[in-house]
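In what follows, a structure is listed as structure tokens, so that the remarks can point back to it.
Only the coordinates and a few stated rules stand behind these numbers; no lab work does. These figures come from a predicted structure and were not determined experimentally. With ideal geometry, Cβ positions are generated from the backbone for all residues, glycine too; neighbour counts draw on all protein chains shown.
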Amino acid sequence: MLPTHWPKAMILAAGLGERMRPLTERTPKPLLTAGGKPLIVWQIERLKAAGFSDLVINHAHLGGQIEAALGDGGAYGVHIAWSAEGAPLETAGGIAKALRLLGERPFLVTNGDVYTDYDYGRLQPVLVDMVVNPARVAHLVLVDNPPHHQQGDFTLDAGQVKLPPTHAIGCHTFSGIACYRPELFAGIVPGDKAQLAPLLIAAMNAGKVSGEYFSGRWEDVGTPARLKTLDEELNGPVTA
């Protein structure tokens, strides 16, 4: 039987938000608001609704503000454990440092600075399968290529995620939403910087990365202009 605190989800919130300057000079990107709510709170609420109430959040740039705003998560019906990095460790490095909080079973990871209507509950059975299937070390959610990333990242072939052919036809973009087995990060010393892509590519070449395509709303809120557009949409039309 699985422990009651499982499954866990990690929200990545340690980025510098350089494309969001000057907004992120004083406010960490996950706390920027759209529709009257911080971006990271939209994520917390969706995770909670999908049954993920035990969360781990990492932070670096202005991270104290994020901790102060969210506390232990009680106001949102979740429990938050914090992984402070000081200086950003990049995606894989941040996850590796947080493994002590995530435990020994597969876990979900998502970004704290995107907006999506993806139903995280779809990943509950994926995590259960990954517990008993050690050959499945990662499961990625892929989306259509946004205008600012038209070359995409990976392809999806019969449920397996692979590197694209050189002509990149059929590419999808990695949404940042994924499930991982802890051993994917076993070679990283906690506290070291490490990128995620080399780990995923090695696992893909070994046939150990599954995936799914999501056609719904996924917004990389990466610039002040895109944040403004999202904010206006969520707030609805202004009435006299």
Lysine pairs in the chain with Cα atoms under 14 Å, if 8 or more residues apart or on separate chains = 6
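Please give the charge dipole size of the chain, origin at the Cα centre, charges +1 on K and R Cβ atoms and -1 on D and E Cβ atoms. Round to the nearest 20 debye.
Numbers: 20 positive and 24 negative charges, 52 e Å.
Computed about the Cα centre, the dipole is about 260 debye.
Can you order the peptides 30-41, 60-71 by their average number of other Cβ atoms within 10 Å per residue, highest first? Write down the numbers at each step before the final one.
On the way: 30-41: 19.8, 60-71: 17.2.
Highest-to-lowest ranking by the protection proxy: 30-41, 60-71.
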request  = Classify the stretch 119-227 as rounded, prolate or oblate, taking a ≥ b ≥ c as the square roots of the eigenvalues of its Cα gyration tensor: rounded when a/c is under 1.5, otherwise prolate if a/b is larger than b/c and oblate if not.
outcome  = rounded
key: Unit charges at the beta carbon, dipole of the chain: most positive-side option, Ala92, Val109, Ile66   = Ala92
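If you average the sequence gap of Cα pairs under 8 Å that are 6 or more apart and divide by the length of the chain, what percent do you get for the contact order? Mind dumping the intermediate values first?
Details: 460 pairs, mean separation 60.6, N = 240.
The value is 25 percent.
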query = Distance from the Cα centre of the stretch 137-196 to that of the stretch 9-82, in angstrom?
reply = 22
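May I ask you to derive the FRET efficiency for Ala69 and Asn205 from their Cβ-Cβ distance with R0 = 41 Å, giving the value to the nearest 0.05?
Numbers: r = 41 Å, r/R0 = 0.99.
Calculated transfer efficiency: 0.50.
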inquiry  = How much of the DSSP bridge set in the chain is antiparallel, in percent, rounded to the nearest 5?
reply    = 50
key: For Val161, residues with placed amide H under 5 Å, excluding near neighbours   = Val209, Ser210, Gly211
